[in-house]
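The numbers here are math on the coordinates, done by the rules we state, and not lab data. Everything numeric in this text was worked out from a predicted model, so none of it was measured. Here the Cβ positions follow ideal geometry from the backbone for every residue, glycine too, while neighbour counts run over all protein chains shown.
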């Protein structure tokens with residue numbers, strides 16, 4: 001990945017880490033501390049134009065305007081749940097592409113589920129994100145702006161972030177890691193990475209790379225099956241990195257970071273919800289420091305996969321009776337189809 005990311009010939013300043021911005025300011029002959037002042041304007045005050053940076057000289061503001069751009073995104077559609085305060089956003093990016101994010105309210109605070117790519121290459125059979133096709137990776141600034149715009153629009157402080165929207169985060173690894181650097185910067189919004197979760201379908205080499213960074217990020221694995229044959233039938237990534245390679249990488253992640261891994265399991269009626277499936281899952285994950293989060297699968301028009309509360313709770317009982325640590329994900333924003341991918345798909349159809 002190049003040092004600087006450009007948009008229409010100008011450097012995307014919101015995608016620069018503080019050390020990178022300091023280097024840019026030194027090249028302009030400015031003192032290093034100016035970078036922290038600019039970082040405060042961008043990431044704390046969240047201004048959208050250089051002329052607002054009133055503690056900088058007019059000459060420096062003109063130089064910044066000539067060299068850098070401040071990226072932005074625009075709310076195309078905003079859906080508000082009438083049942084649980086969930087907000088779902090469809091955003092238009094600078095090049096006309098669209099992404100989604102979902103703001104969810106919990107007792108401990110507000111969590112934003114953000115996208116990391118425009119579309120997805122992974123091809124998981126039950127997922128709406130992959131249907132409209134992959135277009136490009138999101139820039140670090142575009143991940144940040146989902147947080148900033150949701151806070152501005154909702155008036156709520158976002159205390160946690162989940163990389164579980166459109167896209168596969170580890171397929172956009174460099175930009176995601178830079179996003180982690182910026183979002184956790186003390187000179188910026190200073191979000192603890194212990195409040196950030198990354199959900200992946202299982203790009204094994206990148207799990208090992210992420211583990212070595214020891215960032216404190218919670219790793220969530222989209223597992224959704226308990227053996228290679230059934231997982232490959234719904235998740236093509238399993239043909240490249242099989243379920244045993246994936247679990248081995250997760251054990252390494254815990255060993256390196258001390259962070260418990262969460263396994264996401266979309267319960268699909270007649271596909272992966274039998275007692276035999278539960279036994280296989282218990283054998284696969286037995287002895288690991290982990291947590292299994294059951295998810296009633298979301299209905300999408302192009303697929304015939306379904307789920308029910310009854311089958312989900314039955315599957316949970318199978319697992320808890322075997323001594324596994326299991327929860328069922330609370331359904332939020334059901335009245336606005338809050339699962340990511342569906343608004344973008346509707347927009348692409350238009």
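A few remarks follow.
- Cα-based helix-to-principal-axis angle, 309-321 vs the chain, degrees rounded to 10: 80
- Approximate spin-label separation residue 194-residue 321, in nm, with each point projected 7 Å along Cα-to-Cβ: 3.8
- Counting neighbouring beta carbons within 10 Å and listing from fewest to most, the residues 194, 330 come out as 330, 194.
- Global size of region 7-69 as Cα Rg and Dmax, reported in angstrom: 10.5, 28
- Measuring r between the beta carbons of residue 44 and residue 76 and using R0 = 35 Å, the FRET efficiency lands at 0.85.
- Rg/Rg_ref, the chain, where Rg_ref = 2.2 N^0.38 Å and atoms are Cα: 1.03
- For the pair region 176-244 and region 1-48, the centres of their Cα atoms are 27 angstrom apart.
- Region 210-296: C-alpha gyration tensor shape, a/c 1.5 cut-off, then a/b vs b/c: prolate
- When the helices of the chain are scored as -39500 (n - 2.57) per DSSP H run of n ≥ 4 and the total is divided over every residue, the value at 222 nm lands at -10000 deg cm²/dmol.
- Relative to the dominant Cα principal axis of the chain, helix 204-213 is inclined by about 50°.
- Mean-square fluctuations from a GNM of the chain, with a 10 angstrom spring cutoff on Cα atoms, peak among 271, 176, 118 at 271.
- Nearest 10 degrees, 0 to 90: helix 18-27 Cα axis against the chain principal axis: 30
- Distance in nm between pseudo-label sites at residue 4 and residue 58 (7 Å out along the Cβ direction from Cα): 2.5
- Value of relative contact order over region 7-69, rounded to a whole percent, pairs C-alpha under 8 Å and six or more apart: 40
- Normalised by the number of residues in region 74-349, the average gap of Cα pairs under 8 Å and 6 or more apart makes the relative contact order 19 percent.
- Computing FRET efficiency as 1/(1 + (r/R0)^6) for residue 213 and residue 254, where r is the C-beta to C-beta distance and R0 is 22 Å, gives about 0.90.
- Footprinting exposure proxy for 237, 38, 67 (fewest neighbouring C-beta atoms within 10 Å first): 67, 237, 38
- Contact order relative to length of region 156-263, as percent, for alpha carbon pairs under 8 angstrom and 6 or more apart: 26
- Distance between the 7 Å Cα→Cβ label points at residue 240 and residue 106: 2.9 nm.
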